[in-house]
Amino acid sequence: MKLLYKAIIYYLLISLLFLIAGGVIIYLKTDELINNDTKNYLINREEIVTTQILNKIPIEYLNNYEQVIAVSKDPAEVGALKLSDTLIYDIIDDKMIPYTHLNVVREIGRNHYKIDIYKSHIESKKFLVGIFKALIYEFVVLLVVLSIFNFFISRSLWFPFYDTLNKIRTYRLGSEKKIIYRKTNTREFIELNDLLQKMTSRIVNDYNSQKEFTENASHEIQTPLAIINSKVNRLMESANLSEENFKHIQSIYNATRRLSKINKGLLLLTKIENKQYKGKKHIDLSQVVQGLLKEFEEIISLKNLTLQTEIKSLSHQMNPDLAQIMISNLLRNSIKYALPHGFLKIKIEEKKIIFCNEGAPLSIDPELMFDRFVKTDGQSLGLGLSIVKKICDQYHIDIAYQYIKGFHTFILYFNSELAQN
Amino acid sequence: MKLLIVEDEKELLNDLLDSFSGEGQLCEEAQDVCSALEKIYLYEYDILILDLGLPDGNGLEILQALKKCNKNTGVLILSAKVDLNDKLTGLNLGADDYLTKPFDFAELNARVRSIFRRRKFEGNNLLTFNEIEMNMDSDEVYVNSQKITLTRKEYQLLQYFMVNKKRLLTKEAIAEHLWGDDTSIYDSFDFIYSHIKNLRRKIIEVGGTDYLSTVYGMGYKFDLL
């Protein structure tokens, strides 16, 4: 929820609270006023009636629907004035209407008179309803005004904030562009932009030095490896080595090569992660697949694999080198783990590439498949698939693995809409 | 063949010098951009083996200078930079080949020879070892003057052996020479074995000698018996 909406809700809640409290106070005050007024009115009326009776006006003339005067026989009832609330049926409105009822027995001349005077509450009720209606209108108007106010505030006052937000959202670490924040005179936003500026420049610095470090480190590692390899080469060529020593040297040789390959793989992985492979092109993946299949023709026939291909045209926006690496790694993987004399199926469908090979079940958790250094045998480096995954992530390609009925299946899903963004 | 080896790592430089001198080549060295430039301006070389990361600059400067003076020198970049872009930059600037460190001498040797052959077309494009003769223009192989037909891989294999005679060639190095970086899928090296078996058979069939010997079951050597 937007901060502004939250603020508005709080404003409205507080306003509502005040309006309710105000309403209650107004109600109580008016009610008291009206009650007093009614009481005074009834007492006045009664005095007028008493005077009229004293002046010998016949009581028949004095009776109407709000005052009833009767001659009382019972002198014992003479006494105090009684006020009470009562409901009286109204023929016109067809409902019970609240009245205040004054009742007194007076001795005027020789006679006793029972005087009943009624005063309807209906006006005061209407008055109260009017007050509540006014309050509700006020509340609605407040709501509308605050919303409009909010709209303009968010357009002007919050503009620098949303502008900054947008800039951060579109910012990509590793891109050459620097964020230039909009000038503002709001202190909070100045502070925010200032902090963001400092933070991003620090991150960019760290990122650059990290990038440099990885590259330099890998470069620096290759050189001593080259020396070891060169010395091992010389040792191997030297005559009269015993078989045992030769084996040791062979081990060093293999380990050196392996280390060098791990190093290269990690460097590649880091570069992909750092998005250093730029430059997207429309790559015809079916061509890449076919080209690579040609390259692997020999091994496929040497392993006596039955190759089934179903290739439709499919292209995707990506870096050509990474496309090559991605397809090549998956293809190699399928060939490598295919059972000799088994099936190898490569299918390209609409928005889908499927690599499928017959093979023994995995000895590892398929969940870990794309993690670094997860390997099923001692020979592989355990980097190939994690490189594939990294490339897929970069270009919004989904990759899935399944083992169905003796077939290892990798599927690449291309979602072109996502990739365009 | 006259070589200039530009390499700032002393140990590596010495091994390279020893290795090429051992092959009977004339070698000179330079350890930085400055002295390398001086040498290429003053002398003529057939092959330049070039490291890129040098103490006083990038090896590519030397390559550019060389191309500017139009010398017919073959260039092989031998670099620790493994990135594809570095390789492409080097090749675009006119290098003939690019090999990353660490490397095997046999591979380097084979590549240097190949550059040399391509550059110096002086009629002598034959590789001979006793009765085996390889014509690298027509890609034909003769044993005792009798033509034998080899597959592409067998041909590459024989050429690799003949260029690197007397050297011990490990299975891994052979695999990498034949299949490049794809060796990982050739998990057991049976494939090399089958190629070698066929090659041997084809040579022996026409009365040739089998000059190949295995070394402790781990590598091969092509040499006089």
### Query
HN-Hα J couplings of segment A:237-250 from phi, Karplus 6.51/-1.76/1.60, θ = phi - 60°, integer Hz, Gly and Pro as x?
7, 5, 6, 6, 8, 6, 4, 4, 5, 4, 4, 4, 5, 4
### Query
If you take the charge dipole of the protein assembly as shown about its Cα centre, with +1 on Lys and Arg Cβ and -1 on Asp and Glu Cβ, which of A:L87, B:S79, B:Q25 is farthest toward its positive end?
A:L87
#### Entry: Whichever lysines have a C-alpha closer than 22 Å to that of A:K82, once near sequence neighbours (fewer than 8 apart) are set aside
A:K39, A:K73, A:K114, A:K119
### Task
Note down the nm distance, to one decimal, between modelled labels 7 Å out along Cα→Cβ at A:L135 and at A:R172.
5.9
### Query
So if R0 is 51 Å, what FRET efficiency would A:N40 and A:Y11 give, r being the distance between their Cβ atoms, rounded to the nearest 0.05?
0.75
### With all protein chains modelled, accessible area of B:H177 [1.4 Å, Å²]
50
### Query
Dipole of the protein assembly as shown (Lys/Arg Cβ +1, Asp/Glu Cβ -1, origin at the Cα centre): which of A:H282, A:S251, A:L368 lies farthest to the positive side?
A:H282
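Antiparallel versus total DSSP beta bridges in chain B: what percent is that, nearest 5? Show your work: numbers first, answer last.
On the way: 20 of 37 bridges.
Bridges in chain B are about 55 percent antiparallel.
Charges only on Cβ, +1 for Lys and Arg, -1 for Asp and Glu: so what's the dipole of segment A:288-421 about the Cα centre, in debye to the nearest 20? Provide the component values of the computation, followed by the final result.
On the way: 14 positive and 15 negative charges, 34 e Å.
Around 160 debye, computed over segment A:288-421.
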### Query
By accessible area of protein heavy atoms, probe 1.4 Å, what ranking do A:V104, A:V204, A:V129 get, highest first?
A:V129, A:V204, A:V104
### Query
Quick one: of the DSSP bridges fully inside the protein assembly as shown, what percent are antiparallel, nearest 5?
75
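I'd like the GluC sites (Glu not before Pro) in segment A:53-139 restricted to DSSP loop residues with at most 15 other Cβ atoms within 10 Å, sorted by number. Walk me through the numbers on the way to the answer.
Numbers: sites: A:E60, A:E66, A:E77, A:E107, A:E123, A:E138; in loops: A:E66.
Listed in order of number, the matching sites are A:E66.
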### Task
Under 23 Å Cα to Cα from B:K67, which lysines show up? Leave out anything in the same chain fewer than 8 places away.
B:K2, B:K39, B:K81, B:K87, B:K120
## Note on the structure
Given backbone amide H placed at 1.01 Å from N, residues whose amide H is under 5 Å from that of B:L54, ignoring those fewer than 5 places away on the same chain, are B:G59
### Query
Between segment A:376-416 and segment B:87-108, what's the alpha-carbon centroid distance in Å?
31
### Message
Between helix A:122-156 and chain A, what is the angle of the helix's C-alpha long axis to the longest principal axis, kept within 0 to 90° and rounded to the nearest 10?
### Response
30
### Task
Give the accessible area for A:T30 in Å² (nearest 10); use a 1.4 Å probe, count only protein heavy atoms, and leave out ligands, DNA and RNA.
20
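Which of rounded, prolate, oblate describes segment A:303-421, given a ≥ b ≥ c as roots of the alpha-carbon gyration tensor eigenvalues and a/c under 1.5 marking rounded, otherwise prolate only if a/b is larger than b/c? Please list the in-between numbers first.
Values: a/c = 1.89, a/b = 1.30, b/c = 1.46.
Since a/c reaches 1.5 but b/c is at least a/b, the shape of segment A:303-421 is classed as oblate.
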## Note on the structure
Checked chain A against the a/c 1.5 cut and the a/b vs b/c comparison, axes a ≥ b ≥ c from its Cα gyration tensor; verdict prolate
#### Entry: Where A:H282, A:H101, A:H248 fall by accessible area, highest first, once all protein chains stay in place (1.4 Å)
A:H282, A:H248, A:H101
### Query
Using 16 Å as the cut-off for backbone N distance, which residues of segment A:154-168 belong to the label zone defined by a point 7 Å from the Cα of A:I179 along Cα→Cβ?
A:159-168
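Here is the link list: B:K101/B:K153; A:K6/A:K125; A:K347/A:K389. Which ones come out longer than 27 Å on Cα distance?
Values: B:K101/B:K153 25 Å; A:K6/A:K125 37 Å; A:K347/A:K389 19 Å.
Cα-Cα > 27 Å for A:K6/A:K125; rest within.
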### Task
List the residues of segment B:193-223 whose backbone N lies under 19 Å from a point placed 7 Å from the Cα of B:T151 along the Cα-to-Cβ direction.
B:193-206
### Query
If you stretched the chain out fully between A:F149 and A:E350, how much longer would it get, using 0.36 nm times the residue separation minus the C-alpha to C-alpha distance?
67.2 nm
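May I ask you to compute the full-extension gain from B:I204 to B:E44, defined as 0.36 nm times their residue separation minus their alpha-carbon distance, rounded to one decimal in nm?
Working: separation 160, 0.36 × 160 = 57.60 nm, distance 4.27 nm.
Length difference between fully extended and current span is 53.3 nm.
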### Message
Which residues among segment A:309-340 fall inside the zone where the amide N is under 14 Å from a point 7 Å beyond the Cα of A:Q290, along Cα→Cβ?
### Response
A:309-315
## Note on the structure
From most to least accessible, 1.4 Å probe, no ligand or DNA/RNA atoms counted, A:L314, A:L195, A:L173 line up as A:L195, A:L173, A:L314
#### Entry: Degrees, to the nearest 10: A:384-394 long Cα axis against longest axis of chain A
40
### Query
What figure in square angstrom, to the nearest 10, would you give for the accessible area of B:I203 with a 1.4 Å probe?
10
### Query
Helix A:320-336: angle to the longest alpha-carbon principal axis of chain A, degrees 0 to 90, nearest 10?
70
### Task
Kindly state, to the nearest 0.05, the FRET efficiency for B:C69 paired with A:L362, given R0 = 56 Å and r defined as their beta-carbon distance.
0.45
### Query
Under a point-charge model restricted to the Cβ atoms of Lys and Arg (+1) and Asp and Glu (-1), what is the dipole moment magnitude of the protein assembly as shown relative to its Cα centre, in debye to the nearest 20?
1040
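Roughly how many debye, to the nearest 20, is the charge dipole of segment A:1-133 about its Cα centre, given +1 on each Lys and Arg Cβ, -1 on each Asp and Glu Cβ, and no other charges?
540
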### Message
Under the rule a/c < 1.5 gives rounded, and otherwise a/b versus b/c splits prolate from oblate, where does segment B:78-225 land using the Cα gyration tensor?
### Response
oblate
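The values are calculated or read from the model by the stated rules, or taken from the named source; none is laboratory data. All of these numbers come straight from a predicted model, not from anything done at the bench. Using ideal geometry, Cβ is built from the backbone for each residue, glycine included, and neighbour counts are taken over all protein chains shown. Note: accessible area is taken over every heavy atom of the protein model, side chains too, but ligands, DNA and RNA are not part of it. Shrake-Rupley method; radii C 1.70, N 1.55, O 1.52, S 1.80 Å.
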